[in-house]
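Have a look at the structure below before the remarks.
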Amino acid sequence: MRHYFFLVIYLSFILIMLNSCKSLNSKNTFDVIKLKGKKNSDVIHWDVITIGNLSRNRYWGESEERSLHSVICTTTIIRLKDYTIIVDPSLKDSTEMAKELMRRTGLAPDDIDVVFVTHEHGDHHAGILNFPKARWLANPIAAEIINKENNYIKKVEPAGTKIFDCIDVVTAPGHTPGTSGLRFDFKGLSIFVAGDAVATKDFWDENRMYFKALDTEESLRTYEKIAGMSDIVVPGHDNYFFCGF
Ligand SMILES: [Zn+2]
């Protein structure tokens, strides 16, 4: 009788251990994460050129009342077999922009075919004049605002819904009405270059908007939209991060 009692205890213990191993496995391995991108894509490479920063950062304990740092945005390069796109050229100084581009990609400014500007704020097209040979594209609302300012030698063209058939131009309003990001597939990952629709990873993690957002509710809807279609987000003023959990 006593043997049976210990046998039951022993078998119960084995069952509990097996169950906890099973749940540990399903929670801790990456095979439960379903990636949203396609494996085959015309995008052959992408790089962040400059990692942006904000003029003030509440996550560094800074007040949002005044500017504390000179600001630059995050600049991204997307390469196809025959074309190269730069998103949000950050550096006004031509030598600096060319230096960063060469340092990170081995490319020269004249190798760029398209400049895409995520929205109308000046820090996101500060370096656009360094790419005079490229086509300049933006969301139609943003393009109209930038063109009205008349600061440049040529016009920013209104973008359609695709660039080179493989990059989606996705409206991402909230920060401004004319904000659009670029989404593309790369090795099974869906990458979203967000501009200021996502300021930094900290803002994303807290589901909070940067204080300059014109429409907070719309910004939060844009967060949801981005989360539903992306594995990697490239924010407007930070390094890229994985958001596919
Ligand atoms: Zn902005």
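The values are calculated or read from the model by the stated rules, or taken from the named source; none is laboratory data. Note that this is a predicted model, so its numbers are computed, not measured. Every residue, glycine as well, gets a Cβ built from its backbone with ideal geometry; the counts of neighbours run over all protein chains shown.
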> Applying the selection to the stretch 111-153, what residues are away from the ligand (no atom under 16 Å from the Cβ) and either hydrophobic (A, V, I, L, M, F, W, C) or touching a Leu at 6+ places or on another chain (Cβ under 7 Å) (or both)?
Replying inline: 112, 114, 115, 129, 131, 134, 136, 137, 152, 153
>> Looking only at residues that are among the β-branched types (Val, Ile, Thr) and away from the ligand (no atom under 11 Å from the Cβ) in the stretch 167-182, which one is nearest to residue 229 (Cα to Cα)?
In response: 170
> Looking at 221, 208, which is the one that is in contact with a helix residue (DSSP H, G or I) (Cβ under 9 Å, 6 or more places away or on another chain), among the charged types (D, E, K, R) and in the same structural domain as residue 72 (by TED's automatic domain parsing)?
Replying inline: 208
> Can you find even one residue in the stretch 156-168 that is touching a Gly at 6+ places or on another chain (Cβ under 6 Å) and buried (at least 20 other Cβ atoms within 10 Å of the Cβ)?
Replying inline: no
> Which numbered condition trips up residue 192, out of (1) buried (at least 21 other Cβ atoms within 10 Å of the Cβ); (2) within 13 Å of the ligand (Cβ to nearest atom)?
Replying inline: (2)
> Given the conditions (1) under 29 Å from residue 164 (Cα atoms); (2) within 13 Å of the ligand (Cβ to nearest atom), and given that residue 214 satisfies all but one, which numbered condition is not satisfied?
Replying inline: (1)
